[in-house]
Structures are given as structure tokens and as C-alpha cells.
Amino acid sequence: LIYDSFAHYLVTEKGYDEDLLTLAPDSLDFCCKGLVLDIEEGNFLKLAEDGTVLRASHGTKSMTSEEILETYGRREWKHFNTVSGMVSRTAKYYLYDNYFDLPGALLCARVVDSLDQHDGQKKYDFWKDMVAAIQHNYKITAFKEDCGMYFPEVKKHPDKYLQRCPESVKKWLKQLKSAGKILLLITSSHSDYCRLLCEHIIGNDFEEYFDIVITNALKPGFFSHTPNQRPFRTLENDEEQEALLSLDKPGWYSQGNAIQLYELLKKMTGKLDPKVVYFGDSMHSDIFPARHYSNWETVFILEELLGDKVTVPAETESEPLEKKGKYEGDQPQAPYFVSKQWGSFFMDRLPGLENAEETLVCTWSCKCISTYSTIAIPTLEAIADLPLDYRFTRFSLNSSATAGYYPSPPRALLPNEESVTMK
């Protein structure tokens with residue numbers, strides 16, 4: 001749906017090739033988290049932890065080792081120092097780090113293919129049109145106005161697109177609240193869309209699960225901006241009202257900033273430095289800023305950890321991580337399957353120079369996980385049945401790079417990787 005809503009806009013409003021509207025089922029293999037689009041060159045890059053280019057494609061077509069060497073050499077990619085500070089959007093590149101964004105990566109790659117075919121461009125300027133497509137489909141008024149393809153379709157067929165929250169997770173949220181924890185929901189979605197999702201996923205009583213709901217939070221700016229740059233606002237009928245000078249009580253708010261939120265948490269808990277544990281699935285919008293700016297504990301939801309479970313011997317698997325049904329039906333494949341084109345999210349081989357051996361290296365995405373997350377889990381379900389005082393082993397500078405993965409580290413990071421073929 002995300003792919004179609006962008007492609008439709010590019011074709012009807014911006015005159016792009018109609019071929020973009022049809023999608024071969026196997027083309028979704030191109031989608032892989034952690035890719036960087038080098039906008040001017042039309043290339044997608046998979047980076048090692050030191051910024052070396054491990055794999056690349058021009059449009060959808062994989063580049064050979066020779067082509068990568070010729071274009072990028074054997075040194076860090078020229079924009080790596082800004083990327084590693086988690087800057088996701090500039091005129092030069094875009095970082096694809098969550099499933100919501102990924103269909104856009106495939107579309108951009110196909111746009112490059114199409115432009116090459118028709119006018120053999122060397123530098124590309126399609127990005128402004130992609131931004132316009134995002135604006136058109138997701139602007140704050142789009143839900144209310146039934147604008148674009150995305151919101152009208154989700155409203156009509158929520159069951160087709162939304163997975164209901166497992167009972168175990170709802171029970172877990174209630175337990176946390178009963179134990180005196182303050183529960184927050186912070187989303188960059190606007191209040192009307194958030195309500196549709198939560199009512200469908202959790203139930204009409206979803207507001208009872210949370211003490212504070214913050215919509216249109218515009219992360220990562222929520223963490224990096226000061227109160228006067230990004231004040232909280234109240235809502236009436238999903239319309240944002242005047243700016244608040246401070247946040248005085250729990251409730252539902254729009255926009256805002258982590259600094260004033262933290263002041264409210266101090267007031268509510270009666271503690272000078274209340275501990276916050278923040279769960280998120282985007283390194284760029286959630287995990288990095290919550291750790292870097294607010295110094296919160298961070299739990300990274302990483303579905304890629306599910307891609308490993310096929311090889312777990314039955315007797316050691318205490319509880320299936322995923323109940324059946326999530327991706328059954330006509331989906332081509334689950335998003336956490338390893339992309340054939342891009343390989344493991346966690347590790348890759350750096351081809352040897354001359355006759356040297358190739359070496360196994362950590363990807364930049366993998367390095368970010370152990371640097372900015374406290375722990376990483378495949379789903380909330382994976383921890384929902386644990387006692388609330390369960391002690392997790394965290395990632396830390398002095399422990400092994402795999403310590404913080406629960407329930408187990410990805411197979412690619414284990415020492416016997418050589419004996420296992422990459423599925």
C-alpha cells in the first residue's frame with residue numbers, strides 16, 4: 001500500500017513511467033533495513049561499521065566488487081561521518097531504517113532504473129518528487145480530508161493492514177500499570193490516525209492503558225528540540241490548540257519535547273531522576289535520539305531477530321517467538337526474511353584485495369544496535385510473559401557485542417557462523 005500510494009502520485013502528478021505501478025512479487029527482496037540512498041548517484045549502499053561500502057546497487061541492479069571499488073574505493077563513504085550521527089535526511093542521501101520507509105527505497109531504485117532506460121542520466125533529481133509524494137500522502141490533514149491513497153484505504157480495510165495486539169502484551173501493559181509504572185505512548189502519527197490504529201489493535205479502551213499519549217511528536221525532533229522550539233499543544237477534535245508553557249498533568253497532547261515531559265514525570269513519580277525505558281523500532285527516530293539526547297534506557301524492537309528462528313532445534317525452543325498467522329496469506333514473504341540481494345542485516349563479508357582472504361565484518365546497522373540500545377528484542381510478545389523483575393543482560397562497552405539480544409543473539413553474530421550457510 002505504501003509503495004502504491006507513492007508510485008501512483010509520481011505517475012499521475014509528476015509524469016513518471018507507468019511501469020512503476022506494477023510490482024513483481026519477488027522485487028520486494030530489494031527491501032532491506034539499514035540501506036543508505038546516495039541520492040545524486042542513484043546508488044543504494046550497505047555500510048560496514050567503519051563506513052566502508054560492503055554492497056551496493058545502482059537502481060535495483062547490484063554493483064560488482066569492481067564497480068564498487070571504482071565508485072567508492074576501499075575507504076569510508078564520503079558522507080559517513082554525518083550519517084553516523086544519525087542524520088537521516090539531507091539533499092545528498094537518505095537513510096532507510098524502518099519498515100514504513102522501505103517501500104520508498106524500492107520505488108526510488110525503480111525510478112533510477114527507469115530514468116537510466118529513458119534518458120541515461122548521470123546525476124539524479126527525483127528526490128524532490130519523492131518528498132512531494134510523502135507530503136501528499138501523509139500531511140497532517142490527509143487523514144481527515146481522505147487525501148492520497150494511504151489513509152482512505154487503511155480506514156476502509158483496517159483488518160487487511162493491521163495486526164491485533166496479542167492478549168499477552170495487553171496483559172503485560174496492565175501489569176506494568178498496576179505495579180505503579182507510568183505508561184507513555186509517543187508517536188509521530190497525528191491523533192486521528194493514532195486513534196484508528198489503537199482502537200483496532202488494542203480496543204476502544206486503549207486510552208486506559210496509557211497515562212500520557214503524545215501524537216504528532218515529530219521524532220527525532222521530540223528529543224533534540226528545546227521547549228520553546230517545540231512546545232506541547234492540547235487537542236480539540238484532532239485540531240492542535242495553543243502552545244502550553246509547561247506540561248502539568250497526564251493526558252493526551254500533540255507535538256512537545258522530552259525535556260518538559262521529563263519534568264512532568266519527576267512530578268508524577270516524586271523522584272529527582274525517574275528512569276525511563278523507551279521502546280522503538282527506528283534507530284533514527286527512536287533509539288538513537290532517546291539515548292543520545294535524553295539518556296533514556298532503550299529497547300530496540302528488531303524483527304530481523306525473527307529471521308533466525310528456523311534453525312533453532314525443537315528441544316531448545318521453549319516458546320515459539322511468533323504465533324502463526326502474522327504473515328500468512330498472500331504476502332510474498334515476511335519482512336524479516338534475509339534479503340538475497342543484500343544479505344544479513346548484522347554481518348557481511350568484505351572482499352579481500354588482490355589474493356587476500358575476505359573478512360567478516362559487522363554492518364554499521366549492527367554496530368548502532370550495541371552502541372545505542374540497552375537491549376534488542378524481536379517483538380513485545382517475546383518479553384510479555386516474563387516476570388516484571390526479570391533482569392536482562394544489557395549491551396555495554398565492556399561486555400560482548402551480543403550480550404543485549406533477547407532471547408538470543410542473531411545467528412550471524414555467533415562464532416560458528418562459517419558452518420552455517422546464510423539462508
Practice task
Please report, in debye to the nearest 20, how large the charge dipole of the stretch 1-133 is about its Cα centre when each Lys and Arg carries +1 at its beta carbon and each Asp and Glu carries -1 there.
Solution key: 460 debye
Handout entry: Theoretical FRET efficiency, 1/(1+(r/R0)^6), r = Cβ-Cβ of GLU358 and THR82, R0 22 Å, to 0.05
Key = 0.20
Exercise for the section: Using a 10 Å cut-off on Cβ atoms, rank the peptides 388-395, 61-68 from the highest mean neighbour count down. Expected result: 61-68, 388-395
Problem - Computed over the chain: relative contact order in percent, which uses C-alpha pairs under 8 Å that are six or more apart - result: 15 percent
Practice task
Considering the options THR12, PRO152, TYR405, tell which one lies farthest towards the positive end of the dipole of the chain, charges being +1 on Lys and Arg and -1 on Asp and Glu at the Cβ, about the Cα centre.
Solution key: TYR405
Completion exercise
The extension gain from PHE392 to SER224, computed as 0.36 nm times the residue separation minus the Cα-Cα distance, is 57.7 nm
Problem - Net charge dipole size for the chain [Lys, Arg +1 and Asp, Glu -1 on Cβ; Debye, nearest 20] - result: 1280 debye
Completion exercise
The rounded separation in angstrom of the Cα centers of the stretch 14-77 and the stretch 153-172 is 33 Å
Problem - Alpha-carbon centroid distance for the pair the stretch 225-285 / the stretch 356-380, whole angstrom - result: 31 Å
Problem - Packing rank of 223-235, 183-195, 101-113, where each peptide gets the mean count of other beta carbons within 10 Å, highest leading - result: 101-113, 183-195, 223-235
Exercise for the section: Enter the accessible area per residue of the stretch 162-274 (Å², integer; probe 1.4 Å; all protein chains in place). Expected result: 51 Å²
Completion exercise
With the charge dipole of the chain built from beta-carbon charges (+1 for Lys and Arg, -1 for Asp and Glu) about the Cα centre, the Cα from SER396, GLY180, GLY221 projecting farthest to the positive end belongs to GLY180
Problem - Net dipole in debye of the stretch 162-274 [+1 Lys, Arg Cβ; -1 Asp, Glu Cβ; about Cα centre; nearest 20] - result: 600 debye
Completion exercise
Quick calc: nm separation of the 7 Å Cα→Cβ label points for LYS61 and PHE100 -> 3.4 nm
Completion exercise
Given a Förster distance of 30 Å, the FRET efficiency implied by the Cβ-Cβ spacing of SER246 and THR22, rounded to the nearest 0.05, works out to 0.05
Exercise for the section: Give the calculated FRET efficiency between LYS123 and TYR161 to the nearest 0.05, with a Förster radius of 30 Å applied to their Cβ-Cβ distance. Expected result: 0.25
Problem - Accessible surface ranking that places the most exposed of GLU357, GLU208, GLU381, GLU40 first, with a 1.4 angstrom probe - result: GLU357, GLU208, GLU40, GLU381
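The values are calculated or read from the model by the stated rules, or taken from the named source; none is laboratory data. None of these values were measured; they are calculated from a predicted model. Backbone-built Cβ (ideal geometry, glycine too); neighbour counts: all protein chains shown. All accessible areas refer to the heavy atoms of the entire protein, side chains included, with ligands and DNA or RNA removed. Shrake-Rupley method; radii C 1.70, N 1.55, O 1.52, S 1.80 Å.
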